[in-house]
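**Student:** Sharing a structure, written as structure tokens. Questions coming.
The values are calculated or read from the model by the stated rules, or taken from the named source; none is laboratory data. No experiment lies behind these values; they were computed from the predicted model shown. Quick reminder, even Gly has a Cβ in these numbers, built from the backbone with ideal geometry, and neighbours come from all protein chains shown. For accessibility, only protein heavy atoms count, side chains too; no ligands or nucleic acids. Shrake-Rupley method; radii C 1.70, N 1.55, O 1.52, S 1.80 Å.
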Amino acid sequence: MENIAFLPIAPEIAALAGAILVLMSAVALGQERKEWGVAGAITLLVSASLSVLQWLRLDSLGSARELAYSARGVTETVLGPMVVMDHFSAVIGIAIYLVAFLALVGNWRLVETLRSRGAEYVALVLLAAAGLHMMVISSNLVLLFMGLETASIALYVIAGFARVERNSDEASLKYFLLGSFASAIFIYGVALVYAGTGSLSIYGSAGIRQFFSTEPVAVINVGVLLAGIALIIVGLAFKVSAAPFHQWAPDVYQGAASGSVSLMAAGVKIAAIGALIRLLMGAFGSRADDWAPLLALLAVLSVVVGTIGAIGQQDLKRMLAYSSVAHAGFMLTAFVAGAIAIPSILFYLFTYVIALVGAFTVVGVVSGVRSGASAFDEYNGLFERSPWIAGSLAVFMLGMGGIPFFSGFVGKFAVFANAISAGYLWLVIVALVASIAGLFFYLRVVVIMFFEGPAKAEAPGTATAAPRMTGGSGFVILLAAGLTILLGVVPWPLLNVLHYVL
Amino acid sequence: MFPTLAVMILLPTLAALVVALIPKRRSELVYPLALALSFVPLAMVLYVLWAFEVGVPGFQFTQQVLWYEPLGISWHVGVDGISLLLLVLTAILFPISIAASKSVEKNQKMYMVAMLLLETGMLGVFVALDLLLFFAFFEITLVPMYLLIGIWGSGNRVYAAVKFFLYTALGSALMLTGIIWLGSITGTFNFTQILDVSLTSTQQSWLFLGFGIAFAVKVPIFPFHTWLPDAHTEAPTAGSILLAGVLLKLGAYGFIRFNLTLFPDAAVRFAPWLAALAVIGIIYGAAVAIVQPDLKRLVAYSSVSHLGFIILGIFAMTSQGLTGGVIQMVNHGLSTGALFLLVGMIYERRHTRQISDYGGIAKVMPIFGGLFLFSVFASAGLPGLNGFIGEFKILLGSYLRFPVAAVLAATGVILAAIYLLWAYERVFTGPIVHKENKKLLDLDKREIMIVAPLAILILFLGIYPKPALDRIEPAVDEVLQRIEQTTSYTVPHFGMPDDLVNMGVGE
């Protein structure tokens, strides 16, 4: 077969092969050696590079901006194409693999402290990354579901990996039960869509997209179809932790080992938003009038619930979990504008996950990669102890808060501009008020780090020394902080690149 | 053409970088270097002042670079007569504030970095001609100021800092909504292009409110003023000077630049309401200032009262009122800046701001007493000093449109004299009751040098305001012309002989 047929799934192949390699080498080399960890990190970089290669390949194809592949490499079969390779899937792939890489490198100490089980952890990270990307390259709803499950099962295990920690089991079980429930809802939605359209494929001549643009949908089918779309949205809303499907996020973020939350929070967010874009704007794009109000409702609930929830938190990870609910809401506001909003959503998504990975890496450094808790007390006077870490965390907080000259401002501006031009002014006003209220808890972190004195020595369990940092964590933190500022001052290069996705 | 304004805005940021890179073991360099570098933007601003062509309408030194086409954002800057003097005020107040911060011990390097970044933001606000650029600068000034209050403030500083930040940020959120909406209506964020688009009356009303609340919080107009006394009181001396001197002016400037110019129809309709709130602010601020036991809080409340005058002048929408409003922005920056500076100096010596802890200290600190009295007179609007000309023009201008408001506001002048002179009397005159005050040292040469530039400018603008007025009036008349062209409003003029009016305005 030609080389091209493998390219669309090359990053997944690399990641899966890497996972096997890591497990095998851990057996072969023994637990004292750490080469498998390096191999895992390199594999993620290889996958990211393959995604870049996909992008370049698509550029060289010129006008044909999107390629579809079935399992057999033939585009026209009864079922339609299985996998799609377009700029969108390529750029999401780059983001997912890089985020997984940064999450792994930034929390290298977790891999070290897990000892022999480190190899399993690295393999699970690779599997999760492959599954997440599969959600976005799938042009078939069942394949999308398989990607979702591959990633989810790997992440359920990762959530429970720090078994000695008290909350880790709870986090894992909660994540698993609620996640399975969401998966079931999602697959039921897929079944209803199949019942309504007679197709599982998104693209192709018999695909869902084609069905909506040609078939006058019979009255009896509309209810089934809309119910299917709604259930699919609910299933994915769970993954992006949009309210009211967000309850798992705070407990899981807090319970899981701090070093593993980066991937769980950032990677899943990228993939789930990507899948939502693929389904809503790709498959159901012509039914936008039906799903847009639902998305607006989810967006409003998310920004309000996330913001109010975050205000009272005493734990940085819980606060970040609730704020991630609000951020999901901010991104969902732009969905109402349709496909034109994709670059804005992606910009918001990427800048947010950069800040999020940076923030969780700081949590890993300050509160320890294996522990679950990250009480605000531990951050008292952090600025005195280690000004660079405190400064970086402040940058992430200001970035997420949407202060001008930080990346979050450009992202917020872009998604809100889309929502306003789609006529959802009320939505933007609610979101903006929530984003200002959000400043309260972002600034609180800054206050704690900069304004309060160092933690009192008599308080038990509080660190007064400068936190120890590995080279990897330092690299990730400074890179993320640098990007958060750089993309706030000169966002245009990334925005221009993202416009190719359209 | 040389991008004068861009360099002017970026110089303080570069200075901040230089200061940030000073290694810890050479920390004694921080203060002198920051002070020296703060004179570079001042030199740039003075060059702009010198090269600015008087009497030419429109913006000068304009520079426009398309920044991002799909969203219609450009780097567009320019100076006109309204922003020119505010730029000069900003650039003068920064070296003074930095010089007044020599005794800051806690992390002095970061303090200076925050100050210099603040200068970039403040200079940027006054020259930005792209709405998003304006918003970005407007919002970014919050962060260094928040840190200045929160880290280096006194007493209840964290509460004051958070309150300050959230109040102003909430206002800005509404403005950002307004900006995005305006952008989606007009298809551009460029100020000069938006001028050509005619907005409907309803659109103007909503946009006026969106922008107006942001500026009203910043000014602050009663009832949005409650953040101000806390922030002013808890901020370090330099923070108070810059808050009163520049930050409050961002709001008043925004009212003129955006609310009057872009939404003239709504401005005409809302003007009586704003004038009413301004008068309430004038009298309320003065009344609360009278009973303040805390000297710094007293000056803070006097700002509420003085800013009421400025808003009254702006929304009188007459040539005299608007000119008076602009010149009074500068005056208030100078005289209140001087008062905060002096209060800071006495606080450094005695570590108390309570008026009752002082008394009779003019005997031990004659120079300090003299300078304080001078600033008090300037703030109270004594003829011959700068405050008089501004307040007089404002009262004259507002009398044309809102006679009752002008009469009520005039009582504010009397109240100002009461609270300022009474405070002076309690602090400086009479016998020394507290024995700690007996050995207070008078101002040294360095401190006198810091206050001197302000005193000289106060005197200069009081005696010879013509250079300033010549630059403000064409810009102000342009704003009023636009209002007359786009609405049915006619700017009232005096019916009395011209020479009488001119005699009054002191030219």
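**Student:** Looking at (1) open to solvent by 10 Å² or more (accessible area, probe 1.4 Å); (2) more than 27 Å from B:V77 (Cα to Cα); (3) not aromatic (F, W, Y), which is the one condition that is false for B:A275?
**Tutor:** Unmet for B:A275, out of (1) open to solvent by 10 Å² or more (accessible area, probe 1.4 Å); (2) more than 27 Å from B:V77 (Cα to Cα); (3) not aromatic (F, W, Y): (1).
**Student:** Does any residue in the stretch A:222-234 that is of a type in the set (D, E, K, R) come within less than 9 Å, Cβ to Cβ, of a residue that is open to solvent by less than 10 Å² (accessible area, probe 1.4 Å) six or more places away or on a different chain, and which pairs are these?
**Tutor:** No pair meets every condition.
**Student:** Count, please, the residues in the stretch B:355-371 that happen to be open to solvent by less than 10 Å² (accessible area, probe 1.4 Å) and part of a helix (DSSP H, G or I).
**Tutor:** Residues in the stretch B:355-371 being open to solvent by less than 10 Å² (accessible area, probe 1.4 Å) and part of a helix (DSSP H, G or I): 3 in total.
**Student:** Sticking with this one: Is the stretch B:160-168 home to any residue that is open to solvent by 10 Å² or more (accessible area, probe 1.4 Å), more than 22 Å from the chain's Cα centre (by Cα), on the phi < 0 side of the Ramachandran plot and within 12 Å of another protein chain (Cβ to nearest Cβ)?
**Tutor:** no
**Student:** Follow-up. I'm told A:V410 meets every condition in (1) in contact with a Pro (Cβ under 9 Å, 6 or more places away or on another chain); (2) at pLDDT below 90; (3) more than 10 Å from every other protein chain (Cβ to nearest Cβ); (4) farther than 29 Å from B:N107 by Cβ except one. Can you identify the failing condition by its number?
**Tutor:** (3) is the only condition that A:V410 fails.
**Student:** Filtering the stretch B:12-23 down to residues that are in contact (Cβ under 8 Å) with a residue 24 or more places away in the chain and of a type outside the set (S, T, Y), which residue is farthest from B:I92 (Cα to Cα)?
**Tutor:** Looking at the filtered set, the residue picked out is B:I22.
**Student:** Take A:I340 and tell me if it is among the hydrophobic types (A, V, I, L, M, F, W, C), away from chain B (no Cβ under 14 Å) and open to solvent by 20 Å² or more (accessible area, probe 1.4 Å).
**Tutor:** No: the conditions fail for A:I340.
**Student:** A:L432 fails exactly one of the following numbered conditions: (1) free of Cβ contacts under 8 Å to residues at least 40 places away in the same chain; (2) open to solvent by 10 Å² or more (accessible area, probe 1.4 Å); (3) at the interface with chain B (Cβ under 10 Å from one of its Cβ atoms). What is the number of that condition?
**Tutor:** Of (1) free of Cβ contacts under 8 Å to residues at least 40 places away in the same chain; (2) open to solvent by 10 Å² or more (accessible area, probe 1.4 Å); (3) at the interface with chain B (Cβ under 10 Å from one of its Cβ atoms), only one is false for A:L432: (2).
**Student:** Let me ask another. Could you check, for the stretch B:77-87, whether at least one of its residues is in contact with a helix residue (DSSP H, G or I) (Cβ under 7 Å, 6 or more places away or on another chain), hydrophobic (A, V, I, L, M, F, W, C), assigned to a helix (DSSP H, G or I) and open to solvent by 10 Å² or more (accessible area, probe 1.4 Å)?
**Tutor:** Within the stretch B:77-87, one or more residues are in contact with a helix residue (DSSP H, G or I) (Cβ under 7 Å, 6 or more places away or on another chain), hydrophobic (A, V, I, L, M, F, W, C), assigned to a helix (DSSP H, G or I) and open to solvent by 10 Å² or more (accessible area, probe 1.4 Å).
**Student:** Any residue at all in the stretch A:368-382 that is open to solvent by 10 Å² or more (accessible area, probe 1.4 Å), within 9 Å of another protein chain (Cβ to nearest Cβ) and touching a residue at least 40 places away in the same chain (Cβ under 8 Å)?
**Tutor:** no
**Student:** Residues that are among the aromatic types (F, W, Y) and within 22 Å of B:F138 (Cα to Cα): find the helices (runs of 4 or more DSSP H) completely inside the stretch A:368-446 holding 2 or more of those.
**Tutor:** Fully inside the stretch A:368-446 and qualifying: A:407-421, A:425-446.
**Student:** Do we have any residue at all in the stretch B:401-416 that's assigned to a helix (DSSP H, G or I), hydroxyl-bearing (S, T, Y) and at negative phi?
**Tutor:** The answer is yes; a qualifying residue exists.
**Student:** So how many residues does the stretch B:406-464 have that are over 28 Å from the mean Cα position of the chain (by Cα) and open to solvent by 80 Å² or more (accessible area, probe 1.4 Å)?
**Tutor:** Within the stretch B:406-464, residues that are over 28 Å from the mean Cα position of the chain (by Cα) and open to solvent by 80 Å² or more (accessible area, probe 1.4 Å) number 7.
**Student:** Here's a follow-up. Tell me which residues, restricted to the stretch B:11-32, are farther than 20 Å from A:W388 by Cβ and open to solvent by 60 Å² or more (accessible area, probe 1.4 Å).
**Tutor:** The answer is B:L14, B:E28, B:L29, B:P32.
**Student:** Could you please find all residues in the stretch B:218-237 being more than 26 Å from B:H351 (Cβ to Cβ) and part of a helix (DSSP H, G or I)?
**Tutor:** Within the stretch B:218-237, B:K218 is the sole residue that qualifies.
One line per residue, one yes/no per condition, for (1) away from every other protein chain (no Cβ under 14 Å); (2) buried (at least 23 other Cβ atoms within 10 Å of the Cβ); (3) in contact with a Leu (Cβ under 7 Å, 6 or more places away or on another chain):
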site: B:M112; (1), (2), (3): yes, yes, no
site: B:L129; (1), (2), (3): yes, yes, no
site: B:A136; (1), (2), (3): no, yes, no
site: B:P144; (1), (2), (3): no, yes, yes
site: B:L147; (1), (2), (3): no, yes, no
site: B:N156; (1), (2), (3): no, no, no
site: B:F189; (1), (2), (3): no, yes, yes
site: B:T192; (1), (2), (3): yes, no, yes
site: B:D196; (1), (2), (3): yes, no, no
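Rundown of residues vs (1) among the acidic types (D, E); (2) under 28 Å from B:W181 (Cα atoms); (3) touching a Pro at 6+ places or on another chain (Cβ under 6 Å); (4) in a helix (DSSP H, G or I), yes/no style:
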residue: B:I256; (1), (2), (3), (4): no, yes, no, yes
residue: B:D265; (1), (2), (3), (4): yes, yes, no, yes
residue: B:R269; (1), (2), (3), (4): no, yes, no, yes
residue: B:A276; (1), (2), (3), (4): no, no, no, yes
residue: B:S303; (1), (2), (3), (4): no, no, no, yes
residue: B:G308; (1), (2), (3), (4): no, no, no, yes
residue: B:V326; (1), (2), (3), (4): no, no, no, yes
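**Student:** What are the residues in the stretch A:240-262 that are open to solvent by 10 Å² or more (accessible area, probe 1.4 Å) and within 18 Å of A:V353 (Cβ to Cβ), if any?
**Tutor:** Selection gives A:H246 alone.
**Student:** In this structure, is A:D251 of a type outside the set (K, R), free of Cβ contacts under 8 Å to residues at least 24 places away in the same chain and out of contact with any Asp or Glu (no Cβ under 6 Å at 6 or more places or on another chain)?
**Tutor:** Criteria not met by A:D251.
**Student:** Another question, then. Starting from the stretch A:483-502, take each residue that is over 19 Å from A:S51 (Cα atoms) and away from chain B (no Cβ under 13 Å) and list its partners that are buried (at least 16 other Cβ atoms within 10 Å of the Cβ) and among the aromatic types (F, W, Y), counting only C-beta distances under 8 angstrom and pairs at least six apart or across chains.
**Tutor:** A:T484/A:F396; A:T484/A:F406
**Student:** Moving to a separate point now. Answer yes or no as to whether A:I232 is open to solvent by less than 40 Å² (accessible area, probe 1.4 Å) and part of a helix (DSSP H, G or I).
**Tutor:** Yes; evaluated as a whole, the condition is true for this residue.
**Student:** Now for a different question. Looking at (1) away from every other protein chain (no Cβ under 14 Å); (2) part of a loop (DSSP other than H, G, I, E, B), can you tell me which one B:K106 breaks?
**Tutor:** Unmet condition: (1).
**Student:** Can you give me the number of residues within the stretch A:1-23 that are open to solvent by 70 Å² or more (accessible area, probe 1.4 Å) and at pLDDT below 85?
**Tutor:** 4
Residues checked against (1) under 22 Å from the mean Cα position of the chain (by Cα); (2) within 20 Å of B:F137 (Cα to Cα); (3) not charged (D, E, K, R):
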residue: B:I185; (1), (2), (3): no, no, yes
residue: B:D196; (1), (2), (3): no, no, no
residue: B:Q204; (1), (2), (3): no, no, yes
residue: B:P223; (1), (2), (3): yes, no, yes
residue: B:I241; (1), (2), (3): yes, yes, yes
residue: B:L247; (1), (2), (3): yes, yes, yes
residue: B:L250; (1), (2), (3): yes, yes, yes
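**Student:** In the stretch B:39-67, what residues are open to solvent by 80 Å² or more (accessible area, probe 1.4 Å), over 20 Å from B:V476 (Cα atoms) and modelled with pLDDT under 85?
**Tutor:** Across the stretch B:39-67, the qualifying residues are B:Q64, B:L66.
Here's the yes/no breakdown for (1) within 29 Å of B:V88 (Cβ to Cβ); (2) in a loop (DSSP other than H, G, I, E, B); (3) not basic (K, R):
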site	(1), (2), (3)
B:L116	yes, no, yes
B:G121	yes, no, yes
B:V125	yes, no, yes
B:S154	no, yes, yes
B:V158	no, no, yes
B:A173	no, no, yes
B:T202	no, no, yes
B:L209	no, no, yes
